[in-house]
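Chemist: Can you keep this structure in mind? I'll have questions shortly.
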Amino acid sequence: KVAFISNRDIIGNNPDLNTQLFFFDATIPAIFQVTNTLNSPPGSAQQSVPAISGDGSHIAFLSTSDLTGSNSDHGEEYFLYDIVDDDFTQLTNLPNAAASQGGRPGINFSGTEVNFLHVGNLNGQNPDGNVELFRWHFLDQITHMTTTAGGGFESFTSPTMNDSGSL
């Protein structure tokens, strides 16, 4: 399986040409549209930087869409899509988030853990708002993985993860 972003009407479900998340399943073969932001407020429906789990069951990505009913401010938040259950989980939720610094998430083999960069005070351990590495675990736990001083996004790149969930 391959996850990708497109603003084209690839399978006939994107007539307004919003940026959508898709995945290609080579075993079928078929393309599926994951997000459907038809009639979203202009400029509010943006999906970007997907990462797919090694077993092909989950996709982690950034979105300004309100995919779960918890992102009405259309801030940039991290989401996880469960391909098997056809279900979204919103991993971050900051009011008016300018939030993530746009980093591509890292995801473990089974999609149960996601690493990402963020400037938010997600769990009360980042009050200075520096870019830090966080890990989300499927039990809805966010762990603050780094502590930096002085800011500067350039000191980090997009996190990756091996199959076991190690950095």
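The values are calculated or read from the model by the stated rules, or taken from the named source; none is laboratory data. Just so it is clear, the structure is predicted and the values come from calculations on it, not from any experiment. Cβ atoms come from the backbone with ideal geometry, glycine included; neighbour counts cover every protein chain shown. All accessible areas refer to the heavy atoms of the entire protein, side chains included, with ligands and DNA or RNA removed. Shrake-Rupley method; radii C 1.70, N 1.55, O 1.52, S 1.80 Å.
Chemist: Take PHE22 and tell me if it is modelled with pLDDT of 95 or more and either part of a loop (DSSP other than H, G, I, E, B) or open to solvent by less than 40 Å² (accessible area, probe 1.4 Å) (or both).
Modeler: yes
Chemist: Being touching a residue at least 24 places away in the same chain (Cβ under 8 Å) and either open to solvent by 60 Å² or more (accessible area, probe 1.4 Å) or within 14 Å of the chain's Cα centre (by Cα) (or both): is that true of PRO50 here?
Modeler: yes
Chemist: Now, a different point. Which condition breaks for PHE88 when tested against (1) outside any strand (DSSP E or B); (2) modelled with pLDDT of 95 or more?
Modeler: (1)
Chemist: Another question, then. Looking at this structure, is PRO95 modelled with pLDDT under 75, touching a Pro at 6+ places or on another chain (Cβ under 9 Å), assigned to a loop (DSSP other than H, G, I, E, B) and of a type outside the set (A, V, I, L, M, F, W, C)? It would help to see each step written out before you state the result.
Modeler: Working: modelled with pLDDT under 75: yes; touching a Pro at 6+ places or on another chain (Cβ under 9 Å): no; assigned to a loop (DSSP other than H, G, I, E, B): yes; of a type outside the set (A, V, I, L, M, F, W, C): yes.
No.
Chemist: If you don't mind, another one. Cβ-Cβ below 6 Å, separation at least six or inter-chain, first residue in the range 107-125 and closer than 16 Å to THR148 by Cβ and open to solvent by less than 50 Å² (accessible area, probe 1.4 Å), second among the hydrophobic types (A, V, I, L, M, F, W, C) and assigned to a loop (DSSP other than H, G, I, E, B): which pairs?
Modeler: Within 6 Å, the pairs are ASN115/MET161; LEU117/VAL131; LEU117/PHE156; VAL119/VAL131; GLY120/LEU94; GLY120/ALA99.
Chemist: Report, by residue number, each residue of the range 25-47 that is modelled with pLDDT under 90, open to solvent by less than 40 Å² (accessible area, probe 1.4 Å) and under 16 Å from the mean Cα position of the chain (by Cα).
Modeler: THR37, SER44, ALA45, GLN47
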